[in-house]
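The values are calculated or read from the model by the stated rules, or taken from the named source; none is laboratory data. Just so we're clear, the structure is a prediction, and the values are computed from it rather than from any experiment. Cβ atoms come from the backbone with ideal geometry, glycine included; neighbour counts cover every protein chain shown. Side chains included, ligands, DNA and RNA excluded: accessible areas come from the protein's heavy atoms. Shrake-Rupley method; radii C 1.70, N 1.55, O 1.52, S 1.80 Å.
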Amino acid sequence: MELQLALALPVHNSVKGFDLNDGGIESKEPVASRLWSYGGSLESKKCLKNKRSSEEAFGKMGGGVPQIFPLMVWSGQPNEEDDRKGQNRKTSSIVNKNEVEENHVVGWPPIKSWMKKQLHQQQQQQHHQAGRVKNDGVAERSGGRNSLYVKVKMEGVAIARKIDLRLFHSYQALTNTLISMFDKEQKFDKNGVNYTLTYQDKEGDWLLAGDVPWQTFIESVQRLGILRNGG
Amino acid sequence: MKMMMGSSFPEEVLEHVFSFIERDKDRNAISTVCQSWYEIERWSRRRVFVGNCYAVSPAILIKRFPDVRCLELKGKPHFADFNLVPEGWGAYVAPWIAAASSAYPWLEEIRLKRMVIPDDSLELISKSFKNFKVLVLSSCEGFSTEGLAAIAANCRNLRELDLRESEVEDLNQSSGHWLSHFPDNYTSLVSLNIACLNSDVSFTALERLVGRCPNLRTLRLNRAVPLDRLAILLRRAPQLVELGTGEASDLRPDVLSNLSGAFSRLTSLNLSYAATIQSSDLIKLVSQCQNLQKLWVLDYIEDLGLEALAASCKDLRELRVFPSEPFGVEPNVLLTEQGLVSVSEGCPKLHSVLYFCRQMSNDALRTIARNRPNMTRFRLCIIEPRTPDYLTLESLDMGFGAIVEHCKDLRRLSLSGLLTDRVFEYIGTYGKKLEMLSVAFAGDSDLGLHHILSGCENLRKLEIRDCPFGDKALLANAAKLETMRSLWMSSCSVSFGACKLLGQKMPMLNVEVIDERGPPDSRPESCPVEKLYIYRTVSGPRLDMPGFVWTKDEDSALGLS
């Protein structure tokens, strides 16, 4: 039996509809299911051993009861990206809740597991040595004996920076560095806009920087904020 | 017709001529000239590359090439790196090593990628091949430091031990750290890569090893070796040209200045482990590496650092920027498309890029394409799936279209961001040299897949996830699949029925359905499969499949001839 397996369409034809029957494989032929076998003995344990959230998506495999599955598989879990973009998803992606990172798609972004582990480990190490951990898993305040990194957020600037407070011994030194760090962001108008340095302490309160001695400040600061004064 | 050529030159002469021909493609061509050339060629082929370990069996390989010295095998599909291939899928190298141990006593080099290799196989390697020189285990697993100890102890002529990104189990050996198993009179080490090891490294053993190996050129160490100790090693081995380090939190000015001389000689730098170096230190560091050709770094380098890179490293050929917080929703660093644009402008030899970022624009992609028409590998990962051009909110079809249009030698491409079927039309039209394509969360319909399969003449590997591609394009381009090494599709819309059909009609393909929900024939044929992996093979369906992989029966394969 000669099978016509030539390509269905010439390369240049970019017309939307192409006919499956035009030289490709006929999909309507019945194929006996005994042509298919699975590797090894059916060990249901093996099947389920590495299950990801396919179980969540499709329900447990009851013994022998055939289940009706729609052609387009939908995980039934609204995807966060969808809601934000309001796009029409045509396929699902399987969300694995068992992974370290919640609400993320399996294998995305495409980072090798060892690298994920590395980054996770190194960030954990920083957590253990100092400070508390925010929900997203990133420490506000972190570092070892020789460093004390805190986040600095300037009002109106999207990206927060991190700064090692152990490099300074006075408020003056700190503010000087902050000025040069955020130099690009400052939109100096003709009147000259002033900025106020604030910090969040261990209790979570936001205070004006400069009121307490530097040493006390260092021990309790969790993060810094730079506020614009009315201009 | 009898070829006169075969009898006019003695075999030895032909063999000598053939010894200058190294590329597989060329040797394959030679072997088709006539029977005697085929014979001479196969006896003299020393280097074999098997891109898919299931495409051929050890027996078939040994039968055709009886005297191989360098063997390279690849196992699992690429997406196994991202946990998309369940554990136990396969790619076991033990049968290959067992066969090679008796068939190839003069084997010198083994290179494996994404394969499972047990300690027993490592021990067998160390004892079977007297002239063993090179062991590269890339993204492999299944072995421990015990196996490494055997290699160290027995491979007298070992030149290269490279464990790049493999998973190694650390077993506390009473016999001492595995590195100390290298005998005192062992001096032939040229390259050592143990960056992936989680365990501590015996610094004394390492220092002694480095000290007595005058030809050591490449050293990649793991996190356990801090930077100041690295300085000691560098003084012992000033001839090093490739260096990678783990923990670099001690990058103080005095340490840096001690190392500056060494840095300027470096051609390759891997800082993708170093999560604690901040941007300013990174800038200082890369600015000293004027001879750098390859840089792997975390996105702490930021746009500013990449600008500095572009200004200092005019010989740069490969750049990989990895995300420090891949799962964070908001950007934590100032790394945008601008960094990549700067490097594309400043580094004329840049041809290989892997770049993770959170925003991109068609403009930037067009600029990069025009700057670097010599690009051969371009992998862009915009972290959030389906992210549009942040300036225009349009799809990134045009931008990637510009890449494939201008970069005529592009061999590898990874797409991301918001993409419609259009981008695949561009790729099919312009991507004539494209060999590997990775697609995720893209496209609108089967037409997208059809463009790729019908347009990309040199396509060897195609991997797709979470795209609305189904049966139509696949079945219409079934013949194409026999010209490719492999096709991976997961979370798409290919039905079990289509898989069965393909498997039945294409005897030279193994169509493997990976489905952890249970037997696919317990569901309607129209039901899409979770994952499918299709590859061409001359050795039929494999016999080592786990319970969650389904393929055609052996019987049916025999019935179709």
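Structure above, values below:
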{"item": "Search result, residues across region B:133-171 that are open to solvent by 30 Å² or more (accessible area, probe 1.4 Å), polar (S, T, N, Q) and either modelled with pLDDT under 95 or not in a loop (DSSP other than H, G, I, E, B) (or both)", "result": "B:154"}
{"item": "Test result for residue B:375, in a loop (DSSP other than H, G, I, E, B), farther than 22 Å from residue A:157 by Cβ, away from chain A (no Cβ under 14 Å) and not polar (S, T, N, Q)", "result": "yes"}
{"item": "Some residue of region B:487-497 being at the interface with another protein chain (Cβ under 10 Å from one of its Cβ atoms) and surrounded by fewer than 20 Cβ atoms within 10 Å (Cβ to Cβ)", "result": "no"}
{"item": "Within region B:312-335, tally of residues that are open to solvent by less than 20 Å² (accessible area, probe 1.4 Å), of a type outside the set (A, V, I, L, M), within 12 Å of chain A (Cβ to nearest Cβ) and farther than 19 Å from residue A:106 by Cβ", "result": "1"}
{"item": "Test: residue in region B:74-92 that is hydroxyl-bearing (Ser, Thr, Tyr), open to solvent by 30 Å² or more (accessible area, probe 1.4 Å) and either under 30 Å from residue B:549 (Cα atoms) or touching a Pro at 6+ places or on another chain (Cβ under 6 Å) (or both)", "result": "yes"}
{"item": "Pairs with Cβ under 8 Å, 6+ apart, first in region B:521-535 and under 21 Å from residue B:90 (Cβ atoms) and assigned to a strand (DSSP E or B), second of a type outside the set (Asp, Glu) and open to solvent by 20 Å² or more (accessible area, probe 1.4 Å)", "result": "B:531/B:491; B:535/B:54; B:535/B:55; B:535/B:485"}
{"item": "Residue identified as in a helix (DSSP H, G or I), out of contact with any Leu (no Cβ under 7 Å at 6 or more places or on another chain) and closer than 12 Å to residue B:534 by Cβ among B:453, B:447", "result": "B:453"}
{"item": "Single residue of B:276, B:245, B:267 found to be modelled with pLDDT under 90 and touching a Ser or Thr at 6+ places or on another chain (Cβ under 6 Å)", "result": "B:276"}
{"item": "Residue match in region B:293-305 (condition: in contact with a strand residue (DSSP E or B) (Cβ under 9 Å, 6 or more places away or on another chain), part of a loop (DSSP other than H, G, I, E, B) and on the phi < 0 side of the Ramachandran plot)", "result": "yes"}
{"item": "Any hit, region B:187-197, residues being under 16 Å from residue B:149 (Cα atoms), modelled with pLDDT of 85 or more, of a type in the set (Gly, Ala, Ser) and more than 26 Å from the chain's Cα centre (by Cα)", "result": "no"}
{"item": "Single match in B:417, B:455, B:428, B:470 (criterion: farther than 16 Å from residue B:380 by Cβ and crowded, with 23+ Cβ neighbours inside 10 Å)", "result": "B:428"}
{"item": "Pairs, first among the aromatic types (Phe, Trp, Tyr) in region B:316-334, second crowded, with 19+ Cβ neighbours inside 10 Å and in a loop (DSSP other than H, G, I, E, B), C-beta under 6 Å, six or more apart", "result": "B:322/B:272"}
{"item": "Condition met for residue B:465 (under 19 Å from residue B:513 (Cβ atoms), at pLDDT 95 or above and either at the interface with chain A (Cβ under 8 Å from one of its Cβ atoms) or crowded, with 21+ Cβ neighbours inside 10 Å (or both))", "result": "yes"}
